Amino acid sequence: MENKAIVGDPTIHKRFLDAHFPLLQEFPALQSLANKTWDAALDRYNEPLDRAPVGEELEKATALRLAQIIVFYLARASFDCFYDIFLLAGNGRGFAAKMMLRPMYEHLVTAAFIAIKPDEAKHFNDHASVEKWKMWIRTLEAVPQAGGLVPAEDVEELKRKQQEVRDQLKSEICKKCGTPKTQEAWTRVALDNMAEEVDKVTGTSFNKLYAPCYLMPTAFMHPTALGLESRLTKNPGVQTYEEMPEELAHDSLLRGHGMALRVLKHMNNYFGLGFDAELQSRYAAFPNVWDGALADPASES
């Protein structure tokens with residue numbers, strides 16, 4: 001008999017399928033709504049304007065368009081993380097599934113933040129040159145010969161662009177030396193503060209997800225004492241390393257599903273897609289999938 005390679009543990013995967021049959025039934029409808037959302041949002045974004053804006057109106061329209069496309073793709077990236085969580089959880093990789101909640105949460109909150117503050121879109125977009133420059137410098141430090149692979153004029157142009165962005169970010173003065181401080185991130189607003197600002201404007205509750213969907217996943221992603229402690233099971237006289245925590249996989253999938261609904265809800269509201277009834281159906285299905293749990297607190301609209 002021919003041996004066939006198997007990725008993952010078939011026993012754990014079978015147990016996952018048996019335990020999550022309601023989710024498997026719900027998933028096609030959720031995916032269908034997601035696909036409709038992406039298509040409708042792009043159609044809305046690409047709608048021609050009633051008239052060509054000029055002057056300040058053109059600047060505002062350009063800023064809004066940039067914000068819309070960034071919000072769109074951040075939302076898509078967030079939803080893609082849900083697929084990754086699904087695959088990892090389905091194979092018992094509870095810690096890895098939990099880790100994926102962080103990028104899912106970060107992308108969603110950043111999308112929602114830029115949606116309420118479209119002027120931030122330019123800062124977000126421009127910061128790409130800073131990130132590319134840092135990668136280029138690190139590459140040269142490790143592999144000096146790589147310098148000959150990129151045209152000198154391209155390197156100079158990237159250097160110029162990233163310096164322009166860095167100059168714009170020098171908005172604080174060091175109290176000790178009196179020189180401007182340059183921030184490394186594209187914004188000085190911390191993620192939890194972003195979530196708070198979004199919650200105040202939109203009535204959401206993103207900040208409540210900060211601990212379970214950002215702080216705890218971060219503890220697993222980085223070499224922290226908390227993260228390592230969570231991987232160890234202590235019994236009398238023995239300490240066991242937890243490799244496949246299926247309960248954590250279950251919890252991560254539940255939270256990922258809830259955030260996936262929030263992504264679609266945000267896109268529907270931001271672009272005015274009119275999928276309210278379908279969203280309500282997907283929200284109504286959530287408690288049936290997760291033994292009565294709610295995707296959003298009852299206070300949310």
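The values are calculated or read from the model by the stated rules, or taken from the named source; none is laboratory data. The model shown is predicted, which means the values in this text are computed figures rather than measured ones. Glycine also receives a Cβ, built like all others from the backbone with ideal geometry; neighbour counts cover every protein chain displayed. Ligands, DNA and RNA are stripped out before the accessible areas are found, and what is left, the full protein with its side chains, is counted by its heavy atoms. Shrake-Rupley method; radii C 1.70, N 1.55, O 1.52, S 1.80 Å.
Remark: pairs (first residue in the stretch 27-38, more than 14 Å from Lys265 (Cβ to Cβ); second residue assigned to a helix (DSSP H, G or I) and open to solvent by 70 Å² or more (accessible area, probe 1.4 Å); Cβ separation under 7 Å; 6+ apart in sequence or on different chains) = Trp38/Arg76. When the stretch 262-284 is filtered for residues that are closer than 23 Å to Asp18 by Cα and surrounded by 19 or more Cβ atoms within 10 Å (Cβ to Cβ), only Arg282 remains. Every condition in (1) farther than 29 Å from Met221 by Cα; (2) in contact with a Pro (Cβ under 9 Å, 6 or more places away or on another chain); (3) open to solvent by 40 Å² or more (accessible area, probe 1.4 Å) is met by Ala67 except one, and the failing one is (3).
Just give me the residues in the stretch 148-173 being of a type in the set (Ser, Thr, Tyr) and surrounded by 13 or more Cβ atoms within 10 Å (Cβ to Cβ), in sequence order.
Selection gives nothing.
With (1) open to solvent by 80 Å² or more (accessible area, probe 1.4 Å); (2) free of Cβ contacts under 8 Å to residues at least 12 places away in the same chain; (3) of a type outside the set (S, T, N, Q) as the list, and Ala190 as the residue in question, which single condition is left unmet? Among (1) open to solvent by 80 Å² or more (accessible area, probe 1.4 Å); (2) free of Cβ contacts under 8 Å to residues at least 12 places away in the same chain; (3) of a type outside the set (S, T, N, Q), Ala190 violates only (1). Screening the stretch 195-274 for helices (runs of 4 or more DSSP H) wholly inside it with 1 or more residues that are more than 22 Å from the chain's Cα centre (by Cα) and without any contact (Cβ under 8 Å) to a residue 24 or more places away in the chain returns the ranges 225-230.
Listed here are the residues, each with its yes/no results for (1) open to solvent by 50 Å² or more (accessible area, probe 1.4 Å); (2) modelled with pLDDT of 90 or more.
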position: Glu120; (1), (2): no, yes
position: Phe124; (1), (2): yes, yes
position: Met135; (1), (2): yes, yes
position: Val143; (1), (2): yes, yes
position: Ala146; (1), (2): no, no
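Scanning the stretch 107-118 for residues that are within 12 Å of the chain's Cα centre (by Cα), farther than 20 Å from Leu169 by Cβ and in contact (Cβ under 8 Å) with a residue 60 or more places away in the chain, we see that the one that is surrounded by the most Cβ atoms within 10 Å (Cβ to Cβ) is Val109. Here Pro53 meets each of (1) within 30 Å of Ala284 (Cβ to Cβ); (2) of a type outside the set (Ser, Thr, Tyr); (3) not in a helix (DSSP H, G or I) with one exception, condition (1). Within the stretch 81-99, identify whether any single residue is of a type in the set (D, E, K, R), at negative phi and free of Cβ contacts under 8 Å to residues at least 60 places away in the same chain, and answer yes or no. Checked against the condition, which is being of a type in the set (D, E, K, R), at negative phi and free of Cβ contacts under 8 Å to residues at least 60 places away in the same chain, the stretch 81-99 yields at least one hit.
Within the stretch 38-64, if we keep just the residues that are open to solvent by 30 Å² or more (accessible area, probe 1.4 Å) and in contact with a Phe, Trp or Tyr (Cβ under 8 Å, 6 or more places away or on another chain), the residue that is nearest to Met100 (Cα to Cα) turns out to be Leu42.
Within the span defined as the stretch 88-96, every residue fails to be of a type outside the set (Gly, Ala, Ser) and surrounded by fewer than 17 Cβ atoms within 10 Å (Cβ to Cβ). Listed conditions (1) at pLDDT below 95; (2) open to solvent by 50 Å² or more (accessible area, probe 1.4 Å) are all met by Ala211, apart from (1).
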